1. Among the residues of the stretch 352-374, is any touching an Asp or Glu at 6+ places or on another chain (Cβ under 7 Å), crowded, with 16+ Cβ neighbours inside 10 Å and farther than 20 Å from Leu223 by Cα?
2. Those residues that are within 15 Å of Gly100 (Cα to Cα) and out of contact with any Asp or Glu (no Cβ under 9 Å at 6 or more places or on another chain), I need them from the stretch 207-219; list them, please.
3. Taking Ala268 as the residue in question, decide whether it is small (Gly, Ala, Ser), modelled with pLDDT of 95 or more, away from ligand 2 (no atom under 15 Å from the Cβ) and farther than 22 Å from Gly16 by Cβ.
4. Where residues in the stretch 156-173 are surrounded by 17 or more Cβ atoms within 10 Å (Cβ to Cβ) and not hydrophobic (A, V, I, L, M, F, W, C), which of them is modelled with the lowest pLDDT?
5. Does Val126 satisfy the criteria of being closer than 21 Å to Ala268 by Cβ, β-branched (Val, Ile, Thr) and modelled with pLDDT of 95 or more?
6. Does at least one position in the stretch 245-261 carry a residue that is modelled with pLDDT of 95 or more, in contact with a Ser or Thr (Cβ under 7 Å, 6 or more places away or on another chain) and within 13 Å of ligand 1 (Cβ to nearest atom)?
7. Do you know which of the residues in the stretch 342-360 that are not in a helix (DSSP H, G or I) and not acidic (Asp, Glu) is nearest to Gly324 (Cα to Cα)?
Amino acid sequence: MTRKRISILGSTGSIGRNTLEVVRRNPDQFTVSVLASRSNVALLREQIAEFRPELVALYDEKAAAELREAEPGCNVIAGAQGLVEAASVNVDVALCAVVGAVGLQPLLAAIDAGNCVAVANKEPLVMAGDYIMDRARQKKVDVLPVDSEHSAIFQCLRGNAASDVDRVYLTASGGPFYGKDQKDLCNVTPQQAMRHPTWDMGAKISVDSATLMNKGLEIIEALCLFRLRSEQIEVVIHPQSVIHSMVAFRDGSIIAQLGVTDMKAPIAFALTYPERLAAPAMRLDVTALTGLTFGKPDYSAFPCLALAREAANQGGNVPAVLNGANEEAVAAFCSNRIGFLDIAVVVERTMEKCPVSQEYSLEAVLAADREARICAATIIKTMER
Ligand code: NDP
Ligand code: MG
């Protein structure tokens, strides 16, 4: 059996490390050709020693220089262009797991190189989902979801006609602040926001899960991945995180995908699709399940969800504006410049200020991202504590 060649963009992050764990447990299945990250030289050196990639990219130029010196035998490239070059290396699957909009150009470069892409990095799909999916269709490459909900939906849809789909139930754990109201949330710290009840993830997505913006981004992600209409997606709070999402069909049947809360399962499925790997994660003991509950989200306590829904409905450049403003606001919250509830305020005011455009081009998306960040930064300045 030939091994699959893979590249991992964001190898030092939560998804990247989980991906390498899948590879570590299945050494005869994969060859790691490319590793890329921002600046974590120490962990990259360990990964290089273990997986021997042919190319390594670091976004941070200084970190890249440091790595070159420490690993003279290693081919190291740097900067935003380095990331794009790394994504362009011909592989069987490019796993895109950097965080944020910075992943957009590398994702497109991977597609342009004819690589099948396994996408965890949801922000580019939010900003430019239709553009990315069109490009992938032109290049005849698969875009495989890694996000657990989207992997679940993808699995539930297999073998069914799109025209038979009634709706999709996108499940949400509710995050660390489920059941709280705005009054309880005004003094929340970044540390509290990052403590997710069921998933162990990077800082940005943990905060997004706490505001429920993550679920909002996932609505937009699902729209483009599965060509759904916004009203077909219903968010349900399912605190146990056992069902990763469900699809309801027009005959009333509902198909759900269940599993443990371990990203290695959806990562492995994306890497080996259409085949399945033996036991990438623990088995779910269904006899130990006591109560699976489902509820409606509280839109007034978590306004980010409504803002994302609004962006999804408006389309055009609005999701890119939402995303850019949210990235700026989350960074400001994580560095204690604004409060937890200010995140939604920054996003809402930025959406009000940035002009809506339905122009369909990469330039329009990039311009919307730039404008949103400038606008959000100005708003953040007026709020700083
Ligand atoms: P982490 O913060 O744990 O890791 C981010 C990774 O991206 C690190 O390797 C980091 O490198 C790298 N990175 C950050 N900025 C840059 C940059 N400018 N250039 C190159 N590399 C960069 O994030 P997660 O792994 O949690 O999340 C990654 C993506 O996957 C996000 O978009 C998230 O929404 C999505 N996702 C994550 C899930 C999870 O369970 N974690 C679940 C579903 C989706 P360095 O370490 O050097 O800073
Ligand atoms: Mg998810």
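1. Taking the stretch 352-374 and keeping what is touching an Asp or Glu at 6+ places or on another chain (Cβ under 7 Å), we get 354, 373.
From what's left, crowded, with 16+ Cβ neighbours inside 10 Å: 354, 373.
Next cut, farther than 20 Å from Leu223 by Cα only: 354, 373.
Checking the stretch 352-374: at least one residue is touching an Asp or Glu at 6+ places or on another chain (Cβ under 7 Å), crowded, with 16+ Cβ neighbours inside 10 Å and farther than 20 Å from Leu223 by Cα.
2. Across the stretch 207-219, the qualifying residues are Val207, Asp208, Ser209, Met213.
3. Details: small (Gly, Ala, Ser): yes; modelled with pLDDT of 95 or more: yes; away from ligand 2 (no atom under 15 Å from the Cβ): yes; farther than 22 Å from Gly16 by Cβ: no.
Here the answer is no, as Ala268 does not meet what is asked.
4. As a first pass, look at the stretch 156-173 and keep what is surrounded by 17 or more Cβ atoms within 10 Å (Cβ to Cβ): 156-157, 165, 167-173.
So of that shortlist, the ones also not hydrophobic (A, V, I, L, M, F, W, C) come out as 167, 169, 171, 173.
On the way: Arg167: 98, Tyr169: 98, Thr171: 98, Ser173: 95.
Taking the candidates together, the pick is Ser173.
5. On the way: closer than 21 Å to Ala268 by Cβ: no; β-branched (Val, Ile, Thr): yes; modelled with pLDDT of 95 or more: yes.
So Val126 does not fit the description; no.
6. Yes, some residue in the stretch 245-261 is modelled with pLDDT of 95 or more, in contact with a Ser or Thr (Cβ under 7 Å, 6 or more places away or on another chain) and within 13 Å of ligand 1 (Cβ to nearest atom).
7. Start the filter on the stretch 342-360 by keeping residues that are not in a helix (DSSP H, G or I), which leaves 354-360.
Checking which are not acidic (Asp, Glu) leaves us with 354-358, 360.
On the way: Cys354: 11, Pro355: 14, Val356: 14, Ser357: 15, Gln358: 17, Tyr360: 18 Å.
Looking at residues that are not in a helix (DSSP H, G or I) and not acidic (Asp, Glu), I get Cys354.
To keep it simple, each residue is scored yes or no on (1) surrounded by 16 or more Cβ atoms within 10 Å (Cβ to Cβ); (2) in contact with a strand residue (DSSP E or B) (Cβ under 8 Å, 6 or more places away or on another chain).
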| site | (1), (2) |
| --- | --- |
| Ser11 | yes, yes |
| Ser14 | yes, no |
| Thr19 | yes, yes |
| Pro27 | no, no |
| Thr31 | yes, yes |
| Val41 | yes, yes |
| Glu50 | no, no |
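The values are calculated or read from the model by the stated rules, or taken from the named source; none is laboratory data. Just so it is clear, the structure is predicted and the values come from calculations on it, not from any experiment. A quick note on method: Cβ atoms are made from the backbone with ideal geometry, for glycine too, and the neighbour counts reach across all protein chains shown.
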